[in-house]
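Reviewing the structure listed below.
Read the figures in this text as sums done on the coordinates, not as results from a lab. Note that this is a predicted model, so its numbers are computed, not measured. When we count neighbours, we look across all protein chains shown, and the Cβ atoms used for this are built from the backbone with ideal geometry, even at glycine.
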Amino acid sequence: MTTTRSTATEPKMSAAEVRSLLSTFRPTSGTPSDATVEAWRHTLARCTFGECQAALLALGPSRARTATPEQIIAGIRTARAARTTTTVPRPRVSDADRAAFAASGARGIERVYAAMSWTRNHDRALAQRVACPFCRALPGRLCRPLSRDRSGRAERRDSVSLVHPSRLERACAAEDGGERR
Ligand SMILES: [Zn+2]
């Protein structure tokens with residue numbers, strides 16, 4: 001997570017701030033050397049004085065006395081994560097969520113069909129809205145067990161829905177045409 005270039009190169013805290021942190025939270029360690037201060041400053045380059053102070057306070061006095069910069073960074077990360085989860089508003093429903101809801105709805109419909117033993121009768125019901133162009137069965141009537149018509153055209157009924165495929169196609173086309181207006 002890089003925010004700006006400057007934060008990556010220039011530490012957010014001054015040497016005086018690091019010194020202040022060390023003397024406040026590690027009073028027994030004596031005056032920190034310049035090398036120590038610089039090392040802490042660069043390890044904690046992305047952290048502000050306030051964040052470090054809060055992280056050290058959260059650790060409690062005894063653990064703060066021996067805390068490493070890495071532990072402070074971990075504490076700041078936890079605090080930042082907690083902040084984003086509480087302040088960021090709930091995201092709106094994404095397209096992926098919508099698709100998942102739709103899929104779950106479709107699965108529910110499938111279960112209802114299965115429970116009512118309608119599984120493939122949906123195709124039959126749809127096809128029977130129109131007359132069969134192949135066997136000439138009237139709307140609402142089952143297809144005749146015909147596999148070749150007078151012109152010599154061959155077509156087999158679907159083994160489950162018992163309708164001629166061209167009838168189902170015609171019904172689907174009629175439905176699409178009727179609903180797209
Ligand atoms: Zn038919």
Exercise. Using Cα pairs under 8 angstrom and six or more residues apart, how large is the relative contact order of segment 5-87, in percent?
Worked result: 32 percent
For this session: In square nanometres and to one decimal, what's the mean projected area of the convex hull around the Cα atoms of segment 5-87?
Result: 5.6 nm²
Exercise. Looking at segment 21-93, which trypsin sites (Lys or Arg not before Pro) are DSSP coil and have at most 11 other C-beta atoms within 10 Å of their C-beta?
Worked result: ARG92
For this session: Mind jotting down the distance between the C-alpha centroids of segment 125-173 and segment 41-56, whole Å?
Result: 76 Å
Seminar exercise, completed: segment 118-179: relative contact order from alpha carbon pairs under 8 Å, six or more residues apart, as a whole percent, is 35 percent
